[in-house]
């Protein structure tokens, strides 16, 4: 397999700076995400406006996990956006069900023989359920961000994932 990347001629990629280059995994993740939203919103806005002024307007903003605020920003800038979901589609389904009435069926389940059936999916055992749903989850920020991510998708008139 080749290590070279082929980018179509009509596609441009423009990353943005979050001004938070010195984050360490031991730091406060809630603070980091707040700062990322604050600084990232400003630099992404500046980037979109700058490119529009250079007759090279942004036609779609692609964002991924833990960045649900980007959808609001794109809407404010009148630029379509697309969530780049980097996990299996089944996981997206599981999160959707969890946040839409099935949390009690999935949380606190540690019995290996326990299974749950969700519409459109095969029976899932406790091993199939994301560990974020368990009370022992130490990454509460992630579960909160996933919920916000799904709420943003529900606000879109034309969802793109």
**Message:** Tell me yes or no: at least one residue of the stretch 96-112 is closer than 16 Å to residue 161 by Cα and surrounded by 13 or more Cβ atoms within 10 Å (Cβ to Cβ).
**Reply:** yes
**Asked** Looking only at residues in the stretch 128-157 that are outside any helix (DSSP H, G or I) and modelled with pLDDT under 85, which one is surrounded by the fewest Cβ atoms within 10 Å (Cβ to Cβ)?
**Response** 157
**Message:** What's the total number of residues in the stretch 113-127 that are surrounded by 10 or more Cβ atoms within 10 Å (Cβ to Cβ) and in contact with a strand residue (DSSP E or B) (Cβ under 6 Å, 6 or more places away or on another chain)?
**Reply:** 4
**Pairs, first more than 15 Å from residue 67 (Cβ to Cβ) in the stretch 143-161, second at pLDDT below 85, C-beta under 7 Å, six or more apart** = 143/132; 143/137
**Condition met for residue 102 (closer than 29 Å to residue 61 by Cβ and outside any strand (DSSP E or B))** = no
**Request:** Write out, first by first residue and then by second, each pair whose Cβ atoms fall under 6 Å of each other, whose residues are 6+ apart or on separate chains, and whose first residue, in the stretch 99-118, is closer than 15 Å to residue 150 by Cβ while the second is part of a loop (DSSP other than H, G, I, E, B) and at pLDDT 75 or above.
**Result:** 106/129
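The values are calculated or read from the model by the stated rules, or taken from the named source; none is laboratory data. Everything numeric in this text was worked out from a predicted model, so none of it was measured. Heads up, the Cβs are rebuilt from the backbone with ideal geometry, glycines too, and the neighbour counts pull from every protein chain shown.
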